[in-house]
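Taking it in order: structure first as structure tokens, then the write-up.
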Amino acid sequence: RHGPGTSVAWDGTRWSDTVPPDDRRITRLQAPADASVTRRTFASGELAVAVASAGRVTVHTFPRGASTPESRPVPLAEPEFTTADLVGRTPAELYLCTFLGEVAALGAGGWSALPLPASGDATGGEKPLSCAATDDGALWVVTSGRTNRLLRFQRHASDPRGASGTWASVTLPEGESPDAVASGGKRLFVATTSSSGGFALLSDAPVDAAS
């Protein structure tokens, strides 16, 4: 939290650096030099890239083995974001969370806005701080506001490829306020600030510290 930072990931056995290797498919997009580019690489070899430039946001998905992407516009009220999370268990079930305050979901009919549930925050300024997706298709969002919240969005089982679903608020141990969320397959990790002034990393399943 202080000084130089880095990103690491837990693969179920050990922690590893998450800096992705160069991918030539991204250079084929020829994104402008001032564009904001966010990417998501899947174990299958598929790739999704969100490009924000000139007041437009487009997500390009490369099917496995393809050199030409499928491109879809994303309807955002504030498309000039500089930081965003692009998450999802497959390229067909993606979510884009921008830290200007918007969440969008990709369904069978394309991208659509996914409004956050009302919090009762009188400031009306609640925004996504961090987003992750687990293998069950759920989207997890840490939001900022008067108090931070951890939310879970699950698409309707009758239409898993659709963008409609249900939001639920997730209760953490007493005294823990969520700061960031990350996933590793079916497992969820939540970084928190404790009311005692310390920090914690929570998991929704036990972690073998000896691994």
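What follows draws every value from the coordinates through simple rules; no lab data is involved. Only a predicted model underlies this, so the values are computations on that prediction, with no experimental measurement involved. No Cβ is skipped: glycine too gets one built from the backbone with ideal geometry, and neighbour counts run over all protein chains shown.
Miscellaneous remarks
- Inter-label distance for Ser112 and Ser203, nm, one decimal - labels placed 7 Å from Cα along Cα-to-Cβ: 3.7 nm
- Put a dot 7 Å past the Cα of Ser71, heading toward its Cβ, do the same for Thr27, and the two dots end up 1.9 nm apart.
- Segment 134-184, Rg to Rh (Cα coordinates; Rh as Kirkwood inverse mean 1/r): 1.02
- Size of segment 58-194 as Cα extents on the principal axes (Å, biggest first): 48, 32, 28
- When the Cα positions of Gly107, Ser67, Gln154 are compared along the charge dipole of segment 30-182, Ser67 comes out farthest toward the positive end, with charges on each C-beta of Lys, Arg, Asp and Glu.
- Residue-normalised convex hull volume from the C-alpha trace of segment 49-135: 109 Å³ per residue.
- A cut-off of 5 Å between modelled amide H atoms, ignoring neighbours fewer than 5 places along the same chain, links Asp204 with Leu188.
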